[in-house]
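What follows is one structure encoded as structure tokens, with my remarks underneath.
The values are calculated or read from the model by the stated rules, or taken from the named source; none is laboratory data. Everything numeric in this text was worked out from a predicted model, so none of it was measured. Cβ coordinates were reconstructed from backbone atoms using ideal geometry, including for glycine residues, and neighbour counts include every protein chain displayed.
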Amino acid sequence: MARVKQKMFLFLCLLVILYIFLCHFYRPLLDDKFLELNKCPACYGKKLCKHLFNTEVVLNEHKLNIISVFNVRNVFLGNIANEKVVFKKLAHNWELQRFDSLLGAATLRIVCPLGDCLPQHHAPGDGLREVLKFYDWNVSSLVQNEPELFEFSDAVKCPSVRTIEFLFKSFQEHEATSGSDELLENFVTQLSINPEPLIMMAFRAKEPVFAEVLGACGRLVAYAHAGVPLTDVLDRPWLERVRYALQLLQITQALSTGPMALYLCDPRPENFAVDDRGKVWIVDAENIILVDSKANGMAQDEHENDGTGCLDCFSFSQEDLCSHATTDHNYFAICKSLLSSTPFERSIPGGLLRDAPTWLTEDFPSVFLLIEICSYPAYSPYRKLSGNILTFDTKSGARVPSWGVNTPAKMEECEGNVSSQGQKECGSHNVSLGSPNFATMGRRKAVEYLISIFNKLLNMKLPGKF
Ligand SMILES: Nc1ncnc2c1ncn2[C@@H]1O[C@H](COP(=O)(O)OP(=O)(O)O)[C@@H](O)[C@H]1O
Ligand SMILES: [Mg+2]
């Protein structure tokens, strides 16, 4: 019996390995079926089609070949002409099917409100047109009255007419080619299935931190390739990684300010890329909550994400984000997910700034303290002040910041009385921070200090130090 079980187990393992192997080498054909062109205008657009098909016809097939598969979520790396691009269907196949069947159900409810009609089938494109007509082509009204269609769309989690208008305006500018009805249908399809391209287009002009959207053909969107994921740069020289950290903090500030705030809800390192010139990009904007910070009734006091929705993992309250004009949520997201010495993600062990050079940890101990201040809320049970020494400690106390420099002895020596007198000079490259009160400092302030220290570090001539 045991032998049979063993054989069964081996057989299952073989099947799993074969499945993974096949997935890895799976190359979809860029045909109408894969692009789901028959679903249009319940698709993302058609602007890219001409380009895709022309490229395929004019150039040989190597010029437009899908060369590798990132993961099972329909994300493919490819080339158009000689440019590296990323193709995304923006959802799993089951999510696309779910959209079609929800749309079908909504159409039926609208064209046959009493449910006494003969069974009839509406193609998604026709269905979407009926549904939009019913709501007078008013997207806000559609979002409000057909919530199931937008259940997975973080962009409309905080209801706001202004947010939808804002996204549509930039989509219109970007996709100037199609007629206005079709444009609205493409917009609604993206908004429902995955608003990523809409967000990337809308904010790219203001903040060039999102990968460039090249266009859509059916249910496929092409993006400019923005580089390698953050997880692939952990072994680069430390100062190089400081450049990335600085950009991440600047992104944090930029997304958190202005009339439309963007809150990162999936700040995993894989969702950020670094290009050949060392520029950091956001490449996954699916899980971003948009907040119209000027909306009526917003609480004006800053919301502090206390991060205690779950221990040692990323959490937030959607209600709090939606109801406050400002929040330190993004600061928490970036600092604790990417920069802290004990980041949430196992894929970035030790954080982006791990393995700092010894002289740095001696001369700039505040860098690492400030990163942890940004990672934990001011009144976190993990932020501990004993005497005048500030330390961080998660759960059991086993995971204190691992650079060694934040030990009480070092802090005392280099930073002086941290609770009230600010910092003493410590080492020849130290940056004076004035008199910061580390014990009660908020995340925003910590990031301001970090940015000024990182800028100083990057401007220093330090031969042989890195
Ligand atoms: N524009 C891009 N440039 C470079 N890499 C990208 C780009 N878009 C996505 N990727 C890579 O593909 C991976 C999967 O894409 P993503 O949109 O994050 O899909 P998922 O929704 O499955 O997380 C990302 O983690 C990133 O490494
Ligand atoms: Mg992702």
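Go through (1) surrounded by fewer than 18 Cβ atoms within 10 Å (Cβ to Cβ); (2) within 21 Å of residue 285 (Cα to Cα) one by one and return the number of the condition residue 158 breaks.
(1)
Would you check which residues across the range 93-126 are without any contact (Cβ under 8 Å) to a residue 60 or more places away in the chain, in a loop (DSSP other than H, G, I, E, B) and closer than 17 Å to residue 182 by Cβ and list them?
122
Please determine, by comparing only the residues of the range 343-379 that are of a type in the set (Ser, Thr, Tyr) and in contact with a strand residue (DSSP E or B) (Cβ under 8 Å, 6 or more places away or on another chain), which one is surrounded by the fewest Cβ atoms within 10 Å (Cβ to Cβ).
Of all residues in the range 343-379, those of a type in the set (Ser, Thr, Tyr) come to 347, 358, 361, 366, 375-376, 379.
So of that shortlist, the ones also in contact with a strand residue (DSSP E or B) (Cβ under 8 Å, 6 or more places away or on another chain) come out as 375-376.
Working: 375: 31, 376: 22.
Within the range 343-379, the match that is surrounded by the fewest Cβ atoms within 10 Å (Cβ to Cβ) is 376.
If only one of 294, 279 is within 16 Å of ligand 1 (Cβ to nearest atom), in the same structural domain as residue 318 (by TED's automatic domain parsing) and surrounded by fewer than 22 Cβ atoms within 10 Å (Cβ to Cβ), which one is it? Walk me through how you get there before you give the answer.
Details: 294 fails: within 16 Å of ligand 1 (Cβ to nearest atom).
Testing whether each residue is within 16 Å of ligand 1 (Cβ to nearest atom), in the same structural domain as residue 318 (by TED's automatic domain parsing) and surrounded by fewer than 22 Cβ atoms within 10 Å (Cβ to Cβ) leaves just 279.
Can you find a residue in the range 259-271 that is assigned to a helix (DSSP H, G or I), surrounded by fewer than 22 Cβ atoms within 10 Å (Cβ to Cβ) and hydrophobic (A, V, I, L, M, F, W, C)?
Within the range 259-271 (the criterion being assigned to a helix (DSSP H, G or I), surrounded by fewer than 22 Cβ atoms within 10 Å (Cβ to Cβ) and hydrophobic (A, V, I, L, M, F, W, C)), the answer is no, since none of the residues qualifies.
Test each condition in (1) away from ligand 2 (no atom under 16 Å from the Cβ); (2) in contact (Cβ under 8 Å) with a residue 12 or more places away in the chain for residue 235 and report the one that comes out false.
Status for residue 235: all satisfied but (2).
When residues of the range 127-158 are filtered for being touching a residue at least 12 places away in the same chain (Cβ under 8 Å) and outside any loop (DSSP other than H, G, I, E, B), how many remain?
Applying the first criterion (touching a residue at least 12 places away in the same chain (Cβ under 8 Å)) to the range 127-158 yields 127-132, 134, 137, 139-140, 142-144, 146, 148-150, 152-158.
When the remaining residues are screened for being outside any loop (DSSP other than H, G, I, E, B), the result is 127-132, 134, 139-140, 142-144, 148-150, 154-156.
Total satisfying the criteria: 18.
Which residues, taken from the range 35-53, are under 26 Å from the mean Cα position of the chain (by Cα) and on the phi > 0 side of the Ramachandran plot?
Applying the first criterion (under 26 Å from the mean Cα position of the chain (by Cα)) to the range 35-53 yields 35, 42-48.
Passing the criteria: only 45.
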